[in-house]
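The values are calculated or read from the model by the stated rules, or taken from the named source; none is laboratory data. Just so you know, these numbers come straight off a predicted model, no measurement behind them. With ideal geometry, Cβ positions are generated from the backbone for all residues, glycine too; neighbour counts draw on all protein chains shown. Side chains included, ligands, DNA and RNA excluded: accessible areas come from the protein's heavy atoms. Shrake-Rupley method; radii C 1.70, N 1.55, O 1.52, S 1.80 Å.
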Amino acid sequence: MFLVQKPIFLIGYMGCGKTKSGKKLAQLLHTQFIDSDVQISNKENLSIPEIFARHGEAYFRILEHNWLQNFGHSRTPLVIAAGGGMPCFNDNIALMNKIGLTVYLQASVNLLVKRLATPKAQQKRPLIAHLKTPLVLAAHIASQLTEREPYYLQAQIVYLLTIYRRGKLKQLFLAALTPIYTPK
């Protein structure tokens, strides 16, 4: 068993598996898991698509930054699934690296399209809701990754996801976190 000493931020593009992996990691480390988008949505009493529709993306990015700044003062040890754009705005990646450990779950465009090209996946993600074909979605993801990857790659750990590595995250986390977390 591990004693979590600082927060772990899982970062990466939407659909890379931050929430699912974060829940598993929190369970493994016997600590709490939170999703920044859920926290912001609850505080605003609006879903993420509603925040985007009513106030726009710039307003949402301010909410993310404020949430991160407020969280940074608590230094609470837990696992956090950060919104896909959070590290890329307002120097948030530097703040995340200062507060805790950042892990970039790096996924290929093909893997992301496979996960995001469903009506259910697109319905909860306002930035891709209007992209109706896998080809258009792939072009959009590739373009956004070109913009976002320089921020994502500032993470302290980069983990390349493939469809063949399913179930291997536990080993990665154990190996990568051993020097940072002490056994109870």
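Things to note:
- Test result for Leu111, part of a helix (DSSP H, G or I) and over 14 Å from the mean Cα position of the chain (by Cα): yes
- Matching option when the condition is hydroxyl-bearing (Ser, Thr, Tyr), free of Cβ contacts under 8 Å to residues at least 60 places away in the same chain, out of contact with any Asp or Glu (no Cβ under 8 Å at 6 or more places or on another chain) and open to solvent by 60 Å² or more (accessible area, probe 1.4 Å), among Thr133, Thr118: Thr133
To keep it simple, each residue is scored yes or no on (1) touching a residue at least 40 places away in the same chain (Cβ under 8 Å); (2) touching a strand residue (DSSP E or B) at 6+ places or on another chain (Cβ under 6 Å).
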site: Phe9; (1), (2): yes, yes
site: Gln27; (1), (2): no, no
site: Ser47; (1), (2): yes, no
site: Pro87; (1), (2): yes, yes
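- Among the residues of the range 36-62, those that are open to solvent by 30 Å² or more (accessible area, probe 1.4 Å) and closer than 16 Å to Leu127 by Cβ comprise Asp37, Ser47, Pro49, Glu50, Phe52, Ala53, Arg54, His55, Glu57, Ala58, Tyr59.
- Screening Pro87 on (1) open to solvent by 60 Å² or more (accessible area, probe 1.4 Å); (2) at pLDDT 90 or above; (3) part of a helix (DSSP H, G or I) shows it passes everything except condition (1).
- Taking the range 1-50 as the range and being aliphatic (A, V, I, L, M) and not in a loop (DSSP other than H, G, I, E, B) as the test, the residues that pass are Leu3, Ile8, Leu10, Ile11, Leu25, Ala26, Leu28, Leu29, Ile34, Val38, Ile40, Ile48.
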